[in-house]
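One structure is given here, and the rest of the page talks about it.
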Amino acid sequence: MHLDWTVFTYAGLAVFAIVGGLIVFPLLVWRRRGDALPPQFRRNVPIEIVTTVIPLIMVVLLFILSYRVESAVEHLAPVPSVVVNVVGFRWSWQFSYPGTDVRVAGTPQRGPEMVIPLNETTRINLTSVDVNHRFWVPAFLFKRDAIAGMNNAFDWHPERLGSFPGRCAEFCGLEHAFMTFTVRVVSPADFKRWLLEQRSRSTAYRKTPQ
Amino acid sequence: MSVIAAPTPAVPSLARRGVLSWITTTDHKRIGILYMTTAIGFFFVAGMMAMLMRAQLAQPNQSIITAHQYAQLFTLHGTVMIFFFVVPFALGLANFLIPLQIGAPDMAFPRLNAFTYWIFLIGALTVMSGAAVNGGAADTGWFAYAPLSGIKISSGLGQDLWIIGLLMASISSILTSINFLTTVFIYRAPGMTMWRIPIFTWEMVATSLLVLMAFPSLAADLSMLLIDRHLGGHFFDPAAGGSPVLYQHLFWFFGHPEVYIMILPYFGVVTEVICTFSRKPVFGYTGMVLSAFAIAGLSMGVWAHHMFTTGAVSDPFFAAVSLLIAVPTGIKFFNWIGTMWRGSITFQTPMLFAIGFLLNFLDGGITGVMVASPPIDFHAKDSYFLVSHFHYVIGGGSLFAIFAAMFFWFPKVFGVKLNEVWGKVCFVCEFVGFNLTFFPMYFLGVMGMPRRVYTYPNLPGWGLLNSLATLGAAIMAVGVILFIVNVIASVKRHTPVPDDPWGGFTLEWATSSPPPPNNFDWLPPIRSERPVFDLHHPELAKTGR
Amino acid sequence: MKIGVRLFLSSATFGVAIAIAYWFSAHEITGTLLLGIMGLALSFAACYILVAEREARLVGDRPSATHAESAGERVGVFTVRSKWPFGLAIAVALLLIGAVFNAPLAIGAFVVVLTLIGMLIRESR
């Protein structure tokens, strides 16, 4: 993911510098001095061909990079270590771990926390029970839509410990700004401990009054 | 053969006064003026909405306005700016210019033309009237995704008024395009072959084609939404076999071409301005025309890049076509650079705004290429990064071209020249203000701030960047006020304007400022894409094509 | 009128071609239908122009045509002023509003719309 961002950003900066320079250069060098008309040329076929072909090549290369990165990001492992079902609702999220009865739901005042293990594959199954929401963890550079009637599945393979904030990224009503959550990555051992703790207290989501 | 220009007395075509003469007019010049002034009026309204939003967001955790008010503001800001300012201004400018640029006396269907203006105005007022009804105006965003915009969750009248107003705007735009295409096909003056029409008119041909292809999808989508809301439909209701994704497909099949409808006319404006103030013909005329149609065509095939995160579309197809659109856009940029290259450049206000357009649109275009890559979009989508991207292309692009167009053609339309010094100050305010407002937003987006939030927590850097953005917006507002003052003062001063104050190339500069009712008392011979240039420089007149 | 036919025909071909490309790369029915129907609609326009304007020889299409050649030619009827467009806009607006909120209003507005269109046609005779 970072590779995609890095390449595109540097390519973008380079293009801005070059094309921006080409825009500014005539403004500095060919300002009007006197009444004589400048040479009235209208075309230069070699240049027109070059300025078509080079961007085309750049775009093809960028596509290849983009395709490879996306394929890697969207790859679904055959057997994930952990599965979390995520349900978006107005205005918070519910996380449940199938195979256990662990269920965590939040409120706009207090977003829920999802705990997942480090260096293992967690499968997220995402859906909504009302309007469209969008499940976004900025630290993972990733978001996916929660749409009623659809299940969106994706894998995370976190390589950093820590607590990462998440937000809703699709306007879903008046408390959209407060539809936050947290993803906490812990060691596999800590994860097992957390699951055991959670089994004893789980909260099903309550529909907040709209 | 050369024609000596006889001085044409300035026959004021706005001589017939009275409100009734404006209500019954079918003169394309008057209709163009109606469209443009109405559009600018809506710009002020939507701009003030933006100022309110920026005031609310200047600091974290503020409650200057409520979440509900904020939702109405961002919905109406987007809807009004897009449907009632940027597009109508272009259509109004084209209304004024196309017959003049091709040497025609009026549009092909003058009364249809008038109808399209009035239905657009009524549509705009219908959308805005939502603010006065119980429950307030539409508050589901300018794309009004189902199920949020469905009757269960958005039961208020405001949403229905929004839908009806947009249906009226659709009717207006579709009929206008038919008018434009017919006029350009049939009413070109002798010698004005298609390959000699000005680039602005070509861009309007491509825009009109896009409107015909895109707006029906919006009309269908909105009608389906109405049926779901009031007639027991379930198009977008998954519980009954429908799909929210269907709404998005139909919306974006319109929505993406819509953004090209918002920029192609302004590519044309910028081309005319750069040529005039570089005193050179457009570089690569053929390339400009072909790239306009390449952009229009490709833009019909990229719609689901707005749906990369739905998991319901083939991301690679749309990524590929979206990245591909950068190529014809690049061709245009290189052609603009080629036009300025070895030119003789002066920096009057229209040219300053055109240069601002080039730099801003370059920025927005580059970030557009970035979000065309799905992995980048997975982070940037619906964050402030995206908000910045699209404001750079529409605000930094279209809006700057609108200013360029106003300063460039104001003398032709009204017979009044706007003050140059205040124009330049206005440009500086707009350029500095615009970039100060939107550049920080790239960072806010990357840091994780989503769009459409009425407030945000006090995270490091978020408050400062937002404050900078609000400051920039205030500077832009100052520039707009200066523009208004400029208009009023210049109209009061009213120094007469010659036919051709800038040294223009195209036919509108061959007639008086403002033009007589029948547009032309005489026409120069048309043997190239620059008939007025050829008139003034017969020794350089191009022959052939 | 060649330009009209060319424009619509090439757009129609493009629409159909991209619909086919889309189907084979994405297998997604909604987008395929949208693109394909768009191509079909554009071809209707192309066919109409082709048939309707078969005999048109426009003076604007000849690169060496002079203004003298088209002097005195009847180009069309350009109405200078008309009261019907404004009224028609109001009637269409009421039709749409009635269609959502008040059926009798819609029916009444529909009748008015038809009447006004009739007046417009009569005006241009």
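Of the residues making up the stretch B:389-412, those that are under 22 Å from B:Gly504 (Cβ atoms) and open to solvent by 10 Å² or more (accessible area, probe 1.4 Å) number 2. Residue selection: B:Pro460 satisfies the criterion of being out of contact with any strand residue (DSSP E or B) (no Cβ under 8 Å at 6 or more places or on another chain), modelled with pLDDT of 95 or more, assigned to a loop (DSSP other than H, G, I, E, B) and under 30 Å from A:Phe135 (Cβ atoms).
Of the residues contained in the stretch B:126-134, one or more are found to be touching a residue at least 60 places away in the same chain (Cβ under 8 Å) and either open to solvent by 20 Å² or more (accessible area, probe 1.4 Å) or within 20 Å of the chain's Cα centre (by Cα) (or both).
Could you say whether any residue in the stretch B:420-442 is more than 21 Å from B:Tyr392 (Cα to Cα), part of a loop (DSSP other than H, G, I, E, B) and not aromatic (Phe, Trp, Tyr)? No, that holds for no residue.
Restricting the first member to the stretch C:13-26 and to residues that are touching a residue at least 12 places away in the same chain (Cβ under 8 Å) and open to solvent by less than 60 Å² (accessible area, probe 1.4 Å), and the second to residues that are part of a helix (DSSP H, G or I) and among the acidic types (Asp, Glu), no beta-carbon pair is closer than 9 Å while six or more apart or on different chains. Applying a threshold of 8 Å to beta carbon distances and a minimum spacing of six or more residues, or different chains, the list of pairs starting in the stretch B:188-205 at a residue that is on the phi > 0 side of the Ramachandran plot and ending at one that is part of a loop (DSSP other than H, G, I, E, B) reads B:Gly191/B:Pro525; B:Gly191/B:Ile526; B:Gly191/B:Arg527; B:Gly191/C:Arg62; B:Gly191/C:Pro63; B:Gly191/C:Ser64; B:Gly191/C:Ala65; B:Gly191/C:Thr66.
Give the stretch B:334-356 a look and list any residue that's within 21 Å of B:Val421 (Cβ to Cβ) and more than 7 Å from every other protein chain (Cβ to nearest Cβ), or say none. If the condition is that a residue be within 21 Å of B:Val421 (Cβ to Cβ) and more than 7 Å from every other protein chain (Cβ to nearest Cβ), then B:Phe347, B:Gln348, B:Thr349, B:Pro350, B:Met351, B:Leu352, B:Phe353, B:Ala354, B:Gly356 are the ones that fit. Residues satisfying the criterion are absent from the stretch B:68-77 (criterion: farther than 22 Å from B:Gly479 by Cβ, at pLDDT below 95 and open to solvent by 20 Å² or more (accessible area, probe 1.4 Å)). Quick check, is A:Val73 in contact (Cβ under 8 Å) with a residue 60 or more places away in the chain and either in contact with a Gly (Cβ under 7 Å, 6 or more places away or on another chain) or not polar (S, T, N, Q) (or both)? So A:Val73 fits the description; yes. For the stretch B:263-312, a residue qualifies if it is in contact (Cβ under 8 Å) with a residue 24 or more places away in the chain and farther than 30 Å from A:Val45 by Cα, and the qualifying residues are B:Trp303, B:Ala304, B:His305, B:His306, B:Met307, B:Phe308, B:Thr309, B:Thr310, B:Ala312. Scanning the stretch B:468-494 for residues that are closer than 29 Å to A:Cys172 by Cβ and open to solvent by 40 Å² or more (accessible area, probe 1.4 Å) gives a single hit, B:Leu468. Condition test on B:Gly461, is it within 30 Å of A:Phe142 (Cβ to Cβ) and either touching a Leu at 6+ places or on another chain (Cβ under 9 Å) or open to solvent by less than 60 Å² (accessible area, probe 1.4 Å) (or both)? Here the answer is yes, as B:Gly461 does meet what is asked. From the list C:Val112, C:Val92, the one residue that fits, being out of contact with any Phe, Trp or Tyr (no Cβ under 7 Å at 6 or more places or on another chain) and open to solvent by less than 30 Å² (accessible area, probe 1.4 Å), is C:Val92.
Among residues of the stretch C:86-99 that are free of Cβ contacts under 8 Å to residues at least 40 places away in the same chain, those with a Cβ under 8 angstrom from a residue that is outside any helix (DSSP H, G or I) and of a type outside the set (Phe, Trp, Tyr), sequence gap 6+ or separate chain, pair up as C:Phe86/B:Thr24.
The values are calculated or read from the model by the stated rules, or taken from the named source; none is laboratory data. What you see is a predicted model; the values in this text were computed from it and never measured. Positions of Cβ are backbone-derived with ideal geometry, glycine not excepted, and every protein chain shown enters the neighbour counts. Accessible surface areas use protein heavy atoms only, side chains included; no ligands, DNA or RNA. Shrake-Rupley method; radii C 1.70, N 1.55, O 1.52, S 1.80 Å.
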